[in-house]
Every structure is written in structure tokens, then in C-alpha cells.
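Report on one structure; see the data block that follows.
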Amino acid sequence: MEKIAKINQLPLKIFFFLVINDMVDTLGQLLMKKGLGSGDLSNPHILIFWIGLFFYVSNFILWMKILSKIDLSVALPLASMSYLLIPLAAVFFLHEHVHALRWLGLFLIMAGIYFISLSESSTRTKFRTFGNDREQQVPHE
Amino acid sequence: MNKALILVLLAEFWIIVGQICFKKGANRLNTEDAAGKPWIFQLLGCLLRFPSLWIGSVAMLLGLLFWLSALACGELSYVYLLGSIQYIFALFAAYFFLHEKITTPKLIGTLLITLGIILTAVS
């Protein structure tokens, strides 16, 4: 198991970028929802919405940095620690009710993200094809 | 089929089109890495020269508009979890348009995420 973990390890720098990316994304989503409220665009919180949109768009620079290093089909799921952050934030800050089944769905999604993170990520390394043995993987540079 | 679900599907379609374009741009950014300039200037230079980044931005904007409409008509924790359908879109889109391989852990992960989405949608 140790060997597998080592081979698949993401570069630490990219991991930090992903965490920051998630936090900015969560903040943007929260502010946009807070600003939109129940859908009435003329409400007084429209400034909060624009700040949220600003966070959402400024994430682009960070995202291009991440995409230039790792595969899209790996980067997208890994950018989803916000799936844990957002329902938590929705409960605490927006006082939404999160159903028990929804927490179970959330758990399955997190498990799926974990499996995808086991897959090779670097754009530069050769890819293992479907069904081949793990030992044949090429380690990260 | 509720309104939020349809809006999320439309949003995710355009977001994936945008992401594919961004990734194509990022790959070209990689090949010109030797320039030695600070990365932010490389990105700005590429923004001007690569049409894929412009097309991607327009697609992302379209996706964002649909996404905002979806956010406005459902709870955030519900709409956002429905949005995870993008990984299934991404897996196949990356396979067909970017030639990224579909590996066993990727496939297991995507199936688990699908299950999670279904559980979320019925709750």
C-alpha cells in the first residue's frame, strides 16, 4: 500500500493550489447564494452577489496553473473537497436543512473522489490502460 | 424532472465544453514553458493568442448563467451536489477529446459519485 501511495502522490504544490481553489470556490458559491436569496435580483444584497462572482471568476488563474500540470479528469474531481465544505457551510451560515440521505450521498461522492485521486494524475507521465496491473505505472517526476 | 435538475444539466454541459477548451489551452501553455517569464505573464500572453481560451470563457459564461438560474431555484446544498454530474461528463469528454485514459480507480470513483448523486436527488 505504501508503494502505491508513493507512486500516486500528487505534487504538494498542486495539492495546496487545489485546497485554495476549493476554499475560494466555496466562498464564491456561498456569497452568490446569499446575494441571490430567493431569486429576487432587486434585493439589497446584490453587492454580496457581485463579490461572490468576483471570487468565482478570479479562481481562473489558479485553475489554469493546476490544469497545466495535471489531467482534467483528475483535477475536476480533486477540486471537490468543496463538496464537504459547501453543505457544512450551508448548514451553519444559510441555516439550510440537510437530509440524512443527502449526507450518505455526500459520503459516497467523497469515496468516489478518493478513488479518482488514486488514479495517475500527471499530464506528462504515461498512462496505465484500463485493466492493467498497478505495478506497471510510471512514477511521478 | 424538476426545474433545478434541467438547469444544472444545461449548466454542466457548457461548463465541460469550457473546461475542455481550458485544458487544451493549458496543454499549449506547458509546451511553451521554456520562456522563463513569470507564469502570470505567460498566461496573459496565451490569453491573447489562443482562441481556445476565448471559446472556453464564453462557454463557461453560458454555464455560469445556467448555474446561477439553478442556484436561484433550489437549496445550495441540493443544487451543488447535483452539479457533481460533471465528473461523469468530464470522464467521457476527456476520453474522447483529450485522449485521457479511463483507468479502473477513475471508473470506480465515477460510479460512486453517480450513486451519491442519485441518493442526493431522491432525498
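The values are calculated or read from the model by the stated rules, or taken from the named source; none is laboratory data. Not measured: the values here are computed from a predicted model. Ideal geometry is used to build each Cβ from the backbone, glycine not excepted, and the neighbour counts take in all protein chains shown.
General remarks:
- Close Cβ contacts (under 9 Å, 6 or more residues apart or on different chains) running from residues in the stretch B:69-87 that are at pLDDT 75 or above and in a helix (DSSP H, G or I) to residues that are surrounded by fewer than 22 Cβ atoms within 10 Å (Cβ to Cβ) and basic (Lys, Arg) comprise B:SER69/B:LYS3; B:ALA70/B:LYS3; B:TYR78/A:ARG102.
- Subset tally (residues that are over 20 Å from A:LEU62 (Cβ atoms) and either at pLDDT below 90 or not in a helix (DSSP H, G or I) (or both)) for the stretch B:9-34: 2
- Close pairs from the stretch B:102-121: first farther than 12 Å from A:PHE115 by Cβ, partner not in a helix (DSSP H, G or I), Cβ under 6 Å, at least 6 apart: B:ILE102/A:PHE130
- The single residue among B:PHE92, B:PHE66 that is more than 7 Å from chain A (Cβ to nearest Cβ), outside any loop (DSSP other than H, G, I, E, B) and in contact (Cβ under 8 Å) with a residue 24 or more places away in the chain turns out to be B:PHE66.
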